[in-house]
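Reading through the structure tokens given below for one structure.
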Amino acid sequence: MKILRSNTKKGEVKVRLENLDDLWYLSSLIDAKDKVSGSTQRKIKKGGEEEKGSATKKTIFLMIEVEKLEFSKHSNTLRVAGTVVEGPEDVPHGSHHTFGLEEGDEITITKEKWLKYQIDRLEEATNSKMPKILICVFDREEVYFAISKKYGYELVSSMEGEVQKKEMKAKYNESFYTDIIKALTEYSKRYKLDNIVLASPAFFKEDLFKQITDEDIKKKIVLATCSSVGENAINEVLKRAEVREIMKKDQISKEVNLVEKLLSEISKEAMAVYGMKEVREASNAGAIQILLVTDLLIQKTRKENTYTQIENIMKNTEAAKGEVHIITAEHEGGRRLEGLGGIGAILRYKLKY
């Protein structure tokens, strides 16, 4: 995520979404009653009266007051719905509109007050270190190499192998695989790679992996599946869960450690509580040092219109100089926190009940 303009005193932050993780960050940052503005498409009938079917789609600037959010990891979109508070004359104020946010979009978020944990998460999204990853998509006939970037990828090179006869298609071309392995070794040294993603349709990736003898290269490799080979396949691979997990490795390690710390305190029956009721009582007492909440619980309570209770716990924690951490439920640590009700807290002192 790139911050294009920031004036938190006035409550305004303008951002550009640079990758899929930015959508996840925003899904936990934008709250009901916030204002979201930017360019968007809307169907409008001539004369300003809206009517489905006969309307013309136009790109316009709108500001809405947020009512609800819907984040989909499968479609890679964040839908922000609300009522129009600012826009052209042919769009009535108070009418409903939904921003379908994707990579590359620019929006301005306006809040009455930006909380510290929200500013911290913005900085985290902006400053998150991008690991150096080589994407290698291939089959028995061709191979493409690309380096992942903060926004998309850069194609490095491509090669073609000797196409085998149709009845021999189940066998790999040993000399072609040798060329690919040489390229992987060269690029690993040249770019000082953190990881290499080998992606292919069918079984080709497993066959190639077996031919690699350099243990340093092998340690960097993650296998992934793609439906075809070519530049389009690189985009497909970049959206795979395996690759997204690599990109978030440092953050995942931090989150897992926080959950482990919580679980350790719980096992000792010491300085920790979990579950909505207990955590709310601890926040009201100003006893929370570190608050952990899963993204799934936030999404669930927003759908059920009960998010206010979590929001109040976060505000109380921050007012008491505590830390707020939103944990993704995609990794083992997050799943274990989900098993505790999706919320837990490490305390400054033990509460008396």
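The values are calculated or read from the model by the stated rules, or taken from the named source; none is laboratory data. Being a predicted model, the structure only gives us computed values, none of them experimental. When we count neighbours, we look across all protein chains shown, and the Cβ atoms used for this are built from the backbone with ideal geometry, even at glycine.
Points worth noting:
- So SER148, is it among the polar types (S, T, N, Q), modelled with pLDDT of 70 or more, closer than 17 Å to CYS226 by Cα and crowded, with 18+ Cβ neighbours inside 10 Å: yes
This table checks each residue for (1) of a type in the set (A, V, I, L, M, F, W, C); (2) farther than 23 Å from GLU67 by Cβ.
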residue	(1), (2)
MET247	yes, yes
SER253	no, yes
VAL259	yes, yes
ARG280	no, yes
ALA287	yes, yes
ILE298	yes, no
ARG302	no, no
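Let's see how each residue does on (1) of a type in the set (Asp, Glu); (2) surrounded by fewer than 19 Cβ atoms within 10 Å (Cβ to Cβ); (3) outside the structural domain of GLY322 (by TED's automatic domain parsing); (4) at pLDDT below 90:
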residue	(1), (2), (3), (4)
ALA199	no, no, yes, no
GLU206	yes, yes, yes, no
THR213	no, yes, yes, no
THR225	no, yes, yes, no
ALA241	no, yes, yes, yes
GLU260	yes, yes, no, no
ALA270	no, yes, no, yes
VAL273	no, no, no, no
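- Taken over the range 310-353, residues that are assigned to a helix (DSSP H, G or I) and either in contact with a Ser or Thr (Cβ under 6 Å, 6 or more places away or on another chain) or within 30 Å of ALA241 (Cβ to Cβ) (or both) amount to 13.
- Within the range 235-275, being closer than 30 Å to SER158 by Cβ, free of Cβ contacts under 8 Å to residues at least 60 places away in the same chain and not in a helix (DSSP H, G or I) holds for one residue alone: ARG240.
- Residue, surrounded by the most Cβ atoms within 10 Å (Cβ to Cβ), within the range 1-28, restricted to residues that are closer than 23 Å to GLN251 by Cα and acidic (Asp, Glu): ASP22
- Pair list, Cβ under 6 Å, 6 or more apart: the range 69-85 residue in the same structural domain as GLN41 (by TED's automatic domain parsing) and within 16 Å of LEU20 (Cα to Cα), other residue at pLDDT below 90 and of a type in the set (Asp, Glu): THR77/GLU102; ARG79/GLU70
- Number of the exception - ILE310 against (1) surrounded by fewer than 19 Cβ atoms within 10 Å (Cβ to Cβ); (2) aliphatic (A, V, I, L, M); (3) without any contact (Cβ under 8 Å) to a residue 60 or more places away in the chain: (1)
- Yes/no for ILE107 being in contact (Cβ under 8 Å) with a residue 12 or more places away in the chain, surrounded by 14 or more Cβ atoms within 10 Å (Cβ to Cβ) and over 30 Å from PRO201 (Cβ atoms): yes
- Taking first residues from the range 199-212 that are of a type in the set (Gly, Ala, Ser) and partners that are crowded, with 16+ Cβ neighbours inside 10 Å and assigned to a loop (DSSP other than H, G, I, E, B), the Cβ contacts under 8 Å between residues at least 6 apart in sequence or on separate chains come to ALA199/CYS226; ALA199/ARG240; SER200/ASP139; SER200/CYS226; SER200/VAL229; ALA202/ASP139.
- Filter pass, GLU245 being among the charged types (D, E, K, R) and more than 21 Å from the chain's Cα centre (by Cα): no
- Unmet criterion (only one of (1) within 16 Å of the chain's Cα centre (by Cα); (2) buried (at least 19 other Cβ atoms within 10 Å of the Cβ)) for PRO131: (2)
- Residue in the range 227-234 that is outside the structural domain of HIS331 (by TED's automatic domain parsing), more than 28 Å from SER27 (Cβ to Cβ), free of Cβ contacts under 8 Å to residues at least 24 places away in the same chain and in a helix (DSSP H, G or I) present: no
- Scanning the range 188-197 for residues that are surrounded by fewer than 17 Cβ atoms within 10 Å (Cβ to Cβ) and either assigned to a helix (DSSP H, G or I) or outside the structural domain of PHE145 (by TED's automatic domain parsing) (or both) turns up LYS189, ARG190, TYR191.
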